[in-house]
1. What is the gain in length, in nm to one decimal, between residue 41 and residue 116 on full extension, counting 0.36 nm per residue of separation less the C-alpha to C-alpha distance?
2. Residue by residue through the stretch 74-89, which ³J(HN,Hα) values in whole Hz follow from phi under the Karplus form 6.51 cos²θ - 1.76 cosθ + 1.60 (θ = phi - 60°), with glycine and proline marked x?
3. How many Å³ per residue does the convex hull of the Cα positions in the stretch 28-123 occupy?
4. Can you list the lysines whose alpha carbon is less than 19 Å from that of residue 100, not counting same-chain residues fewer than 8 positions off?
5. P(r) for the stretch 36-79, please, calculated from all Cα pair distances in 5 Å bins and given in %.
6. Kindly rank 74-87, 52-65 from highest to lowest mean number of other beta carbons found within 10 Å of each residue.
Amino acid sequence: MPSFSKIRYFDFHTFYFCQVPYKEREIEKKYYSIGEVADKFGVATSLIRYWEGEFDIIKPKKDKKGNRRFTKEDIEKIGLIFHLVKEKGYTLQGAQEIIKKDQYEVSDKAGMVNRLKEIRDFLSEIRNNIHAEDNT
């Protein structure tokens, strides 16, 4: 059963309460560890490190201990690489050529891919909730 929250809507004539389902949002952090990034894509940390060496667009910051700290932008770029290599089946060289050719559009494409995945997940959740309500 979905969770509900009471949200007050203002109508110029009346106030009323409405039960609105909502999805808990992940708290956005400034930096993510390599393990968190690897978990997000379902790959090994060694693959993230390998891609870092192969693709010059991935440049995570490192803390005093040398641990990589990835920003949201880094994760979007890794998402684009993941999309090209794992989902579309490009070789590393092919993915590098596409990224170099479209260097100025890389972050926009990565952002679009991530946003479309979020929308797909949201729509899937709505569909599942509808099916669950139909079965009860």
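Any read-out appearing in this document is the output of simple, stated calculations on the displayed coordinates, not a laboratory observation. Quick caveat: nothing in here was measured; it's all calculated off a predicted structure. Backbone-built Cβ (ideal geometry, glycine too); neighbour counts: all protein chains shown.
1. Numbers: separation 75, 0.36 × 75 = 27.00 nm, distance 1.53 nm.
Length gained, residue 41 through residue 116: 25.5 nm.
2. Those phi angles translate into 4, 5, 5, 5, 5, x, 5, 4, 4, 4, 5, 7, 8, 8, 8, x Hz.
3. On the way: hull volume 9.8 nm³, N = 96.
Measuring per residue, one finds 102 Å³ for the Cα hull of the stretch 28-123.
4. Candidates past the 8-residue exclusion: 59, 77, 86, 88, 109.
5. Result returned by the calculation: 5, 22, 35, 29, 7, 1.
6. Numbers: 74-87: 20.3, 52-65: 13.3.
In decreasing order of mean packing, 74-87, 52-65 become 74-87, 52-65.
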